[in-house]
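Reading through the structure tokens given below for one structure.
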Amino acid sequence: MRIAVITLPGSNCDQDCHRSVEAAGATAVPVWHREMSLGGADAVIVPGGFAHGDYLRPGAIARFSPIMTPVVEFARSGGLVVGICNGFQILCEAGLLPGALLRNRSLRFQSHDCALRVERSDTPFTSRYREGQVIWMPLAHADGNYYADPGTLEELECEGRVVFRYSDAEGESTEEANPNGSLNGIAGIVNEGGNVLGLMPHPDRAIDLALGWQDGLPLFESLVDSVRQRAPAPVAVAEGRALAGTAR
């Protein structure tokens, strides 16, 4: 099972994502931004960092990297794609997710742990969590303030496409618990098809208690589980007949 981890000029979390994928039981495959193919990967992760120095605005230049053409095609064909922090910004710029990530309300770079409430546990990325569960991950961004027009925001809420929401330790989504001013406390969303996830906090920096938290590992384990479930059953040949096997 191969999960592509995209590396762009300025990416600084690609190695974190590599370790996270491997901790979840899959093979992480590095893919440079100039490549024109995902090499048959089963899923894609666009990691955090400052792609192209965040010039113009975060993700604006990265969206035109050659590798984004196959990433967009993969996503639109139903492939599983995760964008973390700068990756979330890139996916929004590429039109795979609605809305935009604006400058933090504080106008300052935020770097600290935060609590999140899991809004859905029935997505390909959250099956190892419980709905309503409070989890902890670090965040590190200057432009994490999620914004969408009122119609899009209503659509996201009504369709249950908000997957993670900033909260306090008790699971209450309060203004004080919102680190960047994101509308409705939104920390992570999925696309209409449910196969593309973007989130600002870093699950890749929360996979081991040595890092402070391990609440991020279930996200990668959920992704790996989902890829396994999507894999076609192997075919065994017996007595001249093709017999469908059991997917491993």
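In the stretch 151-166, is there at least one residue being in contact (Cβ under 8 Å) with a residue 60 or more places away in the chain and assigned to a loop (DSSP other than H, G, I, E, B)? Give the derivation first.
Of all residues in the stretch 151-166, those in contact (Cβ under 8 Å) with a residue 60 or more places away in the chain come to none.
No, the stretch 151-166 contains no residue that is in contact (Cβ under 8 Å) with a residue 60 or more places away in the chain and assigned to a loop (DSSP other than H, G, I, E, B).
Among the residues of the stretch 139-155, is there at least one that is closer than 27 Å to Val224 by Cβ, in contact with a Pro (Cβ under 7 Å, 6 or more places away or on another chain), surrounded by 16 or more Cβ atoms within 10 Å (Cβ to Cβ) and among the aliphatic types (A, V, I, L, M)? Give the steps one after another, and end with the answer.
Going residue by residue through the stretch 139-155, those that are closer than 27 Å to Val224 by Cβ are 139-141, 144, 146.
Still in the running and in contact with a Pro (Cβ under 7 Å, 6 or more places away or on another chain): 139.
Still in the running and surrounded by 16 or more Cβ atoms within 10 Å (Cβ to Cβ): 139.
Adding the requirement that they be among the aliphatic types (A, V, I, L, M) leaves 139.
Yes, because at least one residue in the stretch 139-155 is closer than 27 Å to Val224 by Cβ, in contact with a Pro (Cβ under 7 Å, 6 or more places away or on another chain), surrounded by 16 or more Cβ atoms within 10 Å (Cβ to Cβ) and among the aliphatic types (A, V, I, L, M).
With (1) over 21 Å from Ala75 (Cα atoms); (2) part of a helix (DSSP H, G or I) as the list, and Glu176 as the residue in question, which single condition is left unmet?
(2)
Within the set of pairs 6+ apart or on separate chains, which have a first residue in the stretch 87-104 that is of a type in the set (D, E, K, R), a second that is surrounded by 23 or more Cβ atoms within 10 Å (Cβ to Cβ) and part of a loop (DSSP other than H, G, I, E, B), and C-beta atoms under 7 Å apart?
Glu93/Gly59
Rundown of residues vs (1) within 18 Å of Val21 (Cβ to Cβ); (2) at pLDDT below 95; (3) not small (Gly, Ala, Ser), yes/no style:
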{"position": "Leu199", "(1), (2), (3)": "yes, no, yes"}
{"position": "Arg205", "(1), (2), (3)": "yes, no, yes"}
{"position": "Gly212", "(1), (2), (3)": "no, yes, no"}
{"position": "Gly216", "(1), (2), (3)": "yes, no, no"}
{"position": "Leu223", "(1), (2), (3)": "yes, no, yes"}
{"position": "Ala231", "(1), (2), (3)": "yes, yes, no"}
{"position": "Pro234", "(1), (2), (3)": "no, yes, yes"}
{"position": "Thr246", "(1), (2), (3)": "no, yes, yes"}
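For (1) in a loop (DSSP other than H, G, I, E, B); (2) buried (at least 21 other Cβ atoms within 10 Å of the Cβ), each residue gets a yes or a no:
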| residue | (1), (2) |
| --- | --- |
| Ile6 | no, yes |
| Gln15 | no, no |
| Val29 | no, no |
| Ala41 | yes, yes |
| Gly53 | no, no |
| Pro58 | yes, yes |
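Please go through the stretch 151-196 and give me each residue that is under 17 Å from Cys92 (Cβ atoms) and more than 21 Å from the chain's Cα centre (by Cα), ordered by number.
Selection gives Gly151 alone.
It is to be established whether one or more residues within the stretch 132-147 are in contact with a helix residue (DSSP H, G or I) (Cβ under 6 Å, 6 or more places away or on another chain), within 26 Å of Cys17 (Cα to Cα), β-branched (Val, Ile, Thr) and assigned to a strand (DSSP E or B).
So far as the stretch 132-147 goes, no, none of its residues is in contact with a helix residue (DSSP H, G or I) (Cβ under 6 Å, 6 or more places away or on another chain), within 26 Å of Cys17 (Cα to Cα), β-branched (Val, Ile, Thr) and assigned to a strand (DSSP E or B).
If you go through the stretch 60-89, how many residues are hydrophobic (A, V, I, L, M, F, W, C) and not in a helix (DSSP H, G or I)? Step through it out loud before you land on a result.
Let us first name the residues in the stretch 60-89 that are hydrophobic (A, V, I, L, M, F, W, C), namely 60-62, 64, 67-68, 71-72, 74-75, 80-82, 84-85, 88.
Next, only the ones that are not in a helix (DSSP H, G or I) stay: 60-61, 67, 80-82, 84-85.
Qualifying residue count for the region: 8.
Here is a list: Cys114, Cys92. Which entry is out of contact with any Asp or Glu (no Cβ under 9 Å at 6 or more places or on another chain) and assigned to a strand (DSSP E or B)? It would help to see each step written out before you state the result.
Details: Cys92 fails: assigned to a strand (DSSP E or B).
Result of the check over Cys114, Cys92: Cys114.
Please verify whether Leu107 is modelled with pLDDT under 95, assigned to a loop (DSSP other than H, G, I, E, B) and surrounded by fewer than 24 Cβ atoms within 10 Å (Cβ to Cβ), treating the condition exactly as stated. Walk me through it before giving the result.
Details: modelled with pLDDT under 95: no; assigned to a loop (DSSP other than H, G, I, E, B): yes; surrounded by fewer than 24 Cβ atoms within 10 Å (Cβ to Cβ): yes.
So Leu107 fails the test.
In this structure, does Glu119 turn out to be under 24 Å from Leu102 (Cα atoms) and surrounded by fewer than 18 Cβ atoms within 10 Å (Cβ to Cβ)? Talk me through it step by step, then tell me what you get.
Working: under 24 Å from Leu102 (Cα atoms): yes; surrounded by fewer than 18 Cβ atoms within 10 Å (Cβ to Cβ): no.
So Glu119 does not fit the description; no.
The values are calculated or read from the model by the stated rules, or taken from the named source; none is laboratory data. Predicted model only: the values in this text are computed from it and were never measured. In this analysis, Cβ positions are derived from the backbone assuming ideal geometry, glycine residues included, and neighbour counts consider all displayed protein chains.
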